[in-house]
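*Asks:* Following this message is one structure expressed as structure tokens.
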Amino acid sequence: MRKETRLLRIGVLGCGPIAQLAHFDACRKARNAELYALCDVASDLRTEMAAIHDPQVTYGDYDEMLADPQVEAVIVAVADQFHVPLALKAIAAGKPVLVEKPLGTSVEECEELSRRAHESGLVLQVGNNRRFDPGVAFAQRFVQEELGGLQALKAWYCDSTYRYTMTDNLQPLVRQSTQAHRPAGNPKADRQRYFMLTHGSHLVDTARYLGGELTAVRARLSDRYGSYCWFVEADFANGALGHLELTIPVRGDFEEGFRIYGENGSVNGHVYLPWFHKASEVECFSTKDRQYHRPLGEDAYTYKLQIEGFADAVLYGKPQVGANVDDGLAAMRAMVAIARSVESGERVILESVHGGV
């Protein structure tokens, strides 16, 4: 691991599961960033994480961390319900921010965050780490440069009954605390909403990243046998047809992938669980040379790569590779539109939706 001379000093807000499993380690391994500070109201968790990950400073108060001039950027790694208000605080303090996905829980609060982020001119990135998978990025470049007009896109995300058998072996044991600050009630109790926000946010972002802007959806939901299955007919702004599937859980292996048909070729992609740090298997066929093209397997630690992209944008003004605030807002519109279509049985225009999932 070779570090650059100039490192972005990052403060991570939240010492919960996603910080423990991804962001702390990714900050430490990123070529152009460092884990400068961590912040959590739970003193026991804060002390334990500091002992493991060795930041320069720790804070029990978010405002104090934001007031530290040495903290150059913030990662918001807390419950979904807190994303927008705490990202707004970071922007008000003049700090660029990487917000875990989904960007928020309603269209209106995401619109407000988008407005404030644009006014500030600060970098705001959403944690859709699939964009940093080398295979997915290869597919996106092929679509942009070789495919020509887009005819259709299928994308699916099927979480597995047995997924946690694998991830529990791959991931470190997550530390918990009774002092942790949690949202009112239990957001995970509404499984339909929780699955859409947690997993649907990946699905719709991948569809938009590869296929372009979504304009309308018609969705159906099957809730049977302890599993939820959404089939979504999607319209793209470029005229392409789309089909999105979200099924949680399937009785079988984890499945995430996409299939794209275009004027000058096609793309097939199989995406692995990000915890394997394994690049997607992607095959792109081009009519230009009548050849299949595959990317070489390479560094696929997507949580690290997204921090490196974030740091490059903050430190050097490089174009944002990751999802920006408008991508996060568009994903929220898509998820709300899917929920409204399930309720009404009708086709829903994304620009018409409001409220939350």
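The values are calculated or read from the model by the stated rules, or taken from the named source; none is laboratory data. On a predicted model such as this, the values are computed, not experimentally measured, just so you know. Counting neighbours? That spans all protein chains shown, and the Cβs are built from the backbone with ideal geometry, glycine included.
*Asks:* Considering only residues that are farther than 18 Å from ARG116 by Cβ, in contact with a strand residue (DSSP E or B) (Cβ under 9 Å, 6 or more places away or on another chain) and of a type in the set (S, T, N, Q), which ones fall in region 309-351?
*Replies:* Selection gives SER341 alone.
*Asks:* Among the residues of region 176-210, what is the count of those that are closer than 24 Å to VAL143 by Cα and part of a loop (DSSP other than H, G, I, E, B)?
*Replies:* Count: 0.
*Asks:* Of the residues LEU214, LEU197, LEU150, LEU221, which is over 23 Å from GLY356 (Cα atoms), surrounded by 15 or more Cβ atoms within 10 Å (Cβ to Cβ) and not charged (D, E, K, R)?
*Replies:* Sole residue among the options that is over 23 Å from GLY356 (Cα atoms), surrounded by 15 or more Cβ atoms within 10 Å (Cβ to Cβ) and not charged (D, E, K, R): LEU150.
*Asks:* On the given criteria, is VAL357 aliphatic (A, V, I, L, M), at pLDDT below 95 and within 29 Å of ALA189 (Cβ to Cβ)?
*Replies:* Yes.
*Asks:* Taking only pairs six or more apart or across chains, which ones have beta-carbon atoms under 8 Å, a first residue in region 161-175 that is assigned by TED's automatic domain parsing to the domain that holds TYR225 and assigned to a helix (DSSP H, G or I), and a second residue that is modelled with pLDDT of 90 or more and of a type in the set (S, T, N, Q)?
*Replies:* Final answer for the pair search is none.
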